[in-house]
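*Asks:* Mind looking over this structure? Questions follow.
All of the numbers you see were taken from the coordinates with simple rules; none came from a lab. Bear in mind that the values here come from a model prediction, so they are computed numbers and not experimental data. Here the Cβ positions follow ideal geometry from the backbone for every residue, glycine too, while neighbour counts run over all protein chains shown.
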Amino acid sequence: MSQQLNQQPLESPNLDAVHSALKSVKLLRCTVGDVFKCLADCPLIVNNDKSGDDYGTVGGNSTTNSTTGGGNNTTGATNTAPPVAQPSAATIAQLTELQTLLSAVNNRFRELETACTLLTPLNAGPMNLSLGNSSHLGQDPHYDKTNLYADMISAYRWSDKMVEYSTLAATYLQQNPLRRSHITPIYVKGRPQRRPPNGHNIGAQQIDIFIGTLQRLLPDLTIEVTRPFGAPTVLKVTIPRVLRAVILLRGLLIEWVVVKGFDETFDDPNFDNSHVKRLRRFPETAAVTANMETERLDIWSESKHEVFRKVSEHANAAMLHYYSPIHCDVAIRTYLNWLKSYANLFSAPCRKCNARLQNFMPPTWRDIRTFEPYHEQCRP
């Protein structure tokens, strides 16, 4: 509908003609009201009409009696009708006023007809809103039961208003750009900028210093730093008599975690030790030997125990929870505190069922916030 309105703009209605017609209707109603008021306040006119009818009736009866009397008694005097009463001056004034009001009603009615001829018919002109076959809904005799036509007219009017208001809003927004204030800030360069994430771009020396600090803060853990693959750092974390874990870091961001039992190692079983033994005979190849020994580290194979495979799954889920590229130091410190809670893996009961074993499994899940132990089926 908005497209039709844009293509064929509607002309403004003749408001003067509408105002004149409404004014004529108002004057006609007032004049007719004056006529009825005059009739209510002039009882002499009504009484005179009734008395005239009575005089006519009495006169007719007297004439009949005189005829009868003439036949029976020729010497009797005939009865004559009384003279009709002449209207008084007050009655004449009232009749004159009533005639003037009736003439005024006739004139007001002609003015109304003239004003109505100036109005645009409903079925002509650009103001007609064509609704197609839906316009026949208004001809339903049960109009009170069918409000579809009235609702449709209301919807069209609402659409017209929406187009009008949206046009005004678009004009206003073009004149006023979307700014909170038109005043230019003074300290534009002094605003604090968001710190870019740099957790993946930290030097090896800074990592070693940070890991040394964590080792002093967490004496229950044994943390060993190695770099068998070059730039990425590998942390070998050991919880005495419980488990061993390997954490792969990119900068200070945790990329991969594998947890195994305390009796298991992370050595590659497919590595051939004969090359290492052969190169150890020659001191000048010590650097090559060290590199080959580091290649024995296997960070991809899972544990042979189901308990530690479950712990590995929960450790990787916790890694995603504590991930923070901006505050990476806080993230890895919190993660190691969470990992330290597995020190009582085989001794602490479940927080919910208060049992140490369920389906032959200890509570392998630790709460992210409170570090409390739960079974896989009991976790909240």
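*Asks:* What does the extension gain come out to for M162 and Q99, with contour length at 0.36 nm per residue minus their alpha carbon separation?
*Replies:* Length gained between M162 and Q99: 17.3 nm.
*Asks:* Once you put a point 7 Å from the Cα of S88 and another 7 Å from the Cα of F371, both along the Cβ direction, what distance in nm separates them?
*Replies:* Going from the S88 label point to the F371 one covers 11.8 nm.
*Asks:* Go ahead and collect, in residue order, the members of segment 364-380 whose backbone nitrogen is under 13 Å from a label point 7 Å along the Cα-Cβ direction of N344.
*Replies:* Of the residues in segment 364-380, 367, 371-374 have backbone N under 13 Å from the label point off N344.
*Asks:* What's the local net charge at E313, with K and R +1, D and E -1, over the other residues with C-beta under 14 Å away?
*Replies:* Summing Lys/Arg as +1 and Asp/Glu as -1 gives +2.
*Asks:* For I209 and F262, compute 0.36 nm times the residue count separating them, minus their Cα-Cα distance, and round to one decimal in nm.
*Replies:* Difference between extended and current length: 16.4 nm.
*Asks:* Please give the length that would be gained between H200 and K26 if that part of the chain were fully extended, namely 0.36 nm times their separation in residues minus their C-alpha to C-alpha distance (nm, one decimal).
*Replies:* Contour length minus the Cα-Cα distance gives 54.1 nm.
*Asks:* If I model a spin label at V330 and L173 as a point 7 Å from the Cα along the Cα→Cβ vector, what separation in nanometres do I get?
*Replies:* Output for this residue pair reads 3.8 nm.
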